[in-house]
Amino acid sequence: MLKRLGSIVQHSYSISIHKVSNITINSRTIMTTSKVSKSLDPASLHNPYFFQKPGQKDIWSLINETAAQAQQESGKPIVNLGQGFFSYNPPDFAINAVGEALTKPQFNQYAHARGNPNLIVEIAKHYSKAFGRPVDESEIQITTGANEGIFSIFFGFLTPGDEVIVFEPFFDQYIPNIEMTGAKVKYVEIKYPQKFDNQTVSGDDWEVDWEGLENSITDKTKIIVLNTPHNPIGKVFTEDELYRLGKLAIEHNIIIVSDEVYENLYFTKTFPRPAALAKLPELAERTLTVGSAGKSFAATGWRVGFIHGPASLIKFVTAAHTRICFSTPAPLQQAVSQGFIEAGKNDYFNKVRDDYIHKYKIFTKVFDELGLPYTIAQGGYFLLVNLSKVKVPEDYDFPLSISARGTLDFKLAYWLIKEIGVVGIPPTEFLIPSNRKGNGLEKTLRFAVCKDDAILEDAVNRLRQLKDYI
């Protein structure tokens with residue numbers, strides 16, 4: 001039977017089954033059913049977690065391809081304020097540092113799994129200054145971007161059946177990074193402020209569902225993920241909020257993962273951090289802080305991130321990082337270490353913060369003119385705008401890839417690209433599917449302001465056309 005089956009496989013590449021049976025080939029059992037053909041397509045062997053329906057696209061591909069198509073059809077450039085990539089170069093001192101590093105033999109070979117010692121020293125100094133207390137080099141791990149750092153944390157601490165609490169809306173990468181370890185995500189809402197329908201609000205108006213948080217904690221909960229400044233809201237969590245969160249973490253022996261990749265772009269008087277909370281200093285013992293050189297130096301393509309935490313926790317992050325990618329590109333690590341040195345000399349981060357305050361002033365003026373509410377960004381480089389007053393023509397023709405999403409924000413994003421020439425991101429993508437329809441975020445779009453001032457001015461001029469649809 002097996003010999004005959006092999007002959008069939010060799011000639012037809014498929015097996016026609018006429019009765020129910022189990023066949024074992026090379027230790028793999030194939031359950032067959034009457035009149036069912038089993039394909040021998042190797043693509044069928046994929047991990048089911050990454051299954052994609054025919055034609056299915058992730059949000060970034062969908063929106064960017066729509067923008068490219070609109071630009072080709074109109075013959076005019078589209079203003080892309082969708083993804084959070086910078087439209088300009090890193091500072092000259094950082095670029096020059098890359099060139100210098102590439103001339104040194106030691107920086108063209110594998111870096112140590114922990115990270116370039118020069119960079120570890122600079123990151124330890126950076127956090128010592130930021131936290132107002134000494135940070136030892138044993139508390140630092142360099143990672144291949146902040147995202148790989150977060151995955152290393154999850155991979156280093158989570159096992160199948162564990163639970164992680166994530167605040168919703170969330171950065172979309174958190175979810176697969178958690179689920180690929182076999183752990184379960186539990187979602188807690190940052191509540192949409194109803195007054196945002198009609199007036200501009202601040203991050204303080206977006207409040208954690210504290211009852212939902214407490215009810216989500218079980219004896220399986222290992223980690224709570226915090227993002228401050230928050231993407232896409234722009235909220236900076238207050239000291240009182242961090243204190244309340246920290247007390248729960250201590251009471252239930254939970255680790256706080258604080259994603260602070262926008263740490264140098266806060267516009268509040270202070271930037272409260274779980275690892276440096278004066279009212280609850282013991283919280284630092286269970287906090288892992290995530291940082292990003294890409295966000296700090298406008299160099300997201302460099303993929304250099306870093307994790308701070310107690311040495312007793314960092315060692316597990318190191319162990320996971322070593323198995324995921326072993327080490328982070330050596331010349332870019334050296335360049336970032338030099339970048340931090342130069343940034344300290346020329347007050348770079350404060351100057352960039354001032355630049356972004358100016359960018360927000362440029363971009364928000366059009367929404368003030370039109371009476372369209374937005375969430376005043378307390379940090380980061382995104383602006384969440386409520387477009388519920390904008391009336392898209394009812395008979396507007398949307399492709400199936402957009403209408404099938406089932407939420408208004410995807411239609412708003414598509415229409416804005418096609419008719420106004422400006423790209424924004426539909427933020428319901430940062431919600432679980434069951435919470436998307438009818439959520440307040442369905443009436444909003446997220447725009448990135450990490451662009452040249454001239455690009456933002458261009459966007460403002462185009463967006464003024466919205467007055468004809470209000």
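The values are calculated or read from the model by the stated rules, or taken from the named source; none is laboratory data. Values in this document were obtained by computation on a predicted structure and should not be read as measured data. Glycine also receives a Cβ, built like all others from the backbone with ideal geometry; neighbour counts cover every protein chain displayed. Note: areas computed on protein heavy atoms with side chains; ligands, DNA, RNA excluded. Shrake-Rupley method; radii C 1.70, N 1.55, O 1.52, S 1.80 Å.
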Charge tally in the Cβ shell below 11 Å around Val164, where Lys, Arg are +1 and Asp, Glu are -1, Val164 excluded: +1
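At 222 nm, what helix-only mean residue ellipticity would the chain give, in deg cm²/dmol to the nearest 500, using -39500 (n - 2.57) for each DSSP H run of four or more?
On the way: 15 runs with 173 residues, N = 470.
Value at 222 nm, helices only, nearest 500: -11500 deg cm²/dmol.
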Convex hull projection area averaged over all views, the range 61-170, Cα basis, nm²: 12.2
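Looking at the range 366-470, which chymotrypsin sites (Phe, Trp or Tyr not before Pro) are DSSP coil and have at most 15 other C-beta atoms within 10 Å of their C-beta?
On the way: sites: Phe367, Tyr374, Tyr381, Phe382, Tyr396, Phe410, Tyr414, Trp415, Phe430, Phe447, Tyr469; in loops: Tyr381, Tyr396.
Of the chymotrypsin sites (Phe, Trp or Tyr not before Pro), the ones in loops of the range 366-470 whose Cβ has at most 15 other Cβ atoms within 10 Å are Tyr396.
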Per principal axis, largest first, the Cα atoms of the range 160-214 extend in Å by 44, 23, 14
Determine, at each q value in 0.21, 0.32 (inverse angstroms), the log₁₀ of I(q)/I(0) that the Debye formula gives when each Cα of the range 416-466 is one equal point scatterer. -0.80, -1.19
Give the average over all directions of the projected area of the C-alpha convex hull of the range 332-440, one decimal, in nm². 10.1
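Report, to the nearest whole %, how much of the accessible area of the chain belongs to carbon and sulfur atoms, 1.4 Å probe, protein only.
On the way: 11310 of 21960 Å².
Summing carbon and sulfur atoms, their accessible area is 52 percent of the total for the chain.
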Phe349 - accessible surface, heavy atoms, 1.4 Å probe, Å² rounded to 10: 30
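Quick check on my link table: of Lys247/Lys359; Lys76/Lys359; Lys184/Lys351; Lys361/Lys391; Lys361/Lys467, which ones sit more than 31 Å apart, alpha carbon to alpha carbon? Before the final figure, lay out the partial values.
Working: Lys247/Lys359 37 Å; Lys76/Lys359 24 Å; Lys184/Lys351 41 Å; Lys361/Lys391 26 Å; Lys361/Lys467 20 Å.
Listed pairs above 31 Å: Lys247/Lys359; Lys184/Lys351.
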With a sphere of radius 15 Å drawn around the Cβ of Leu408, what net charge do the other residues whose Cβ falls strictly inside it have (Lys, Arg +1; Asp, Glu -1)? +3
The lysines whose Cα lies under 20 Å from the Cα of Lys345, excluding any fewer than 8 residues away in the same chain, are Lys125, Lys129, Lys295
Accessible surface of Val423 in the full protein assembly, 1.4 angstrom probe, to the nearest 10 Å²? 0
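Protein chains only, probe 1.4 Å: how do Ser401, Ser128 rank by accessible area, largest first? Can you show the working numbers first?
Values: Ser401 60, Ser128 30 Å².
Order by accessible area, largest first: Ser401, Ser128.
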In whole Å, what are the Cα extents of the range 58-110 along the three principal axes, biggest one first? 48, 24, 17
In µm²/s, what is D for the range 198-334 at 25 °C and 0.890 mPa s, where D = kT/(6 pi eta Rh) by Stokes-Einstein and Rh is the Kirkwood radius from Cα pairs? 149
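Mind listing which trypsin sites (Lys or Arg not before Pro) in the range 303-394 are in a DSSP loop and have 12 or fewer other Cβ atoms within 10 Å? Before the final figure, lay out the partial values.
Details: sites: Arg303, Lys315, Arg323, Lys345, Lys351, Arg353, Lys359, Lys361, Lys365, Lys389, Lys391; in loops: Arg303, Lys389, Lys391.
For trypsin sites (Lys or Arg not before Pro) across the range 303-394 that sit outside H, G, I, E and B with at most 12 neighbouring Cβ atoms in 10 Å, the list reads Lys391.
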Probe 1.4 Å, protein heavy atoms only - accessible area per residue of the chain in square angstrom: 47
Quick one: Cα convex hull volume of the range 148-272, Å³ per residue? 106
Averaged over all directions, how much area does the convex hull of the C-alpha atoms of the range 250-298 cover when projected, in nm²? 3.9
Compactness ratio of the chain: Cα Rg over 2.2 N^0.38 Å, N = residue count? 1.09
16 Å Cα-Cα reach of Lys451 towards aspartates and glutamates, excluding residues that sit fewer than 8 places from it in its own chain: Asp354, Asp355
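Calculate how many DSSP beta bridges within the chain are antiparallel, expressed in % of all such bridges and rounded to the nearest 5. Intermediate results must be reported in sequence, preceding the final value.
Details: 27 of 50 bridges.
Bridges in the chain are about 55 percent antiparallel.
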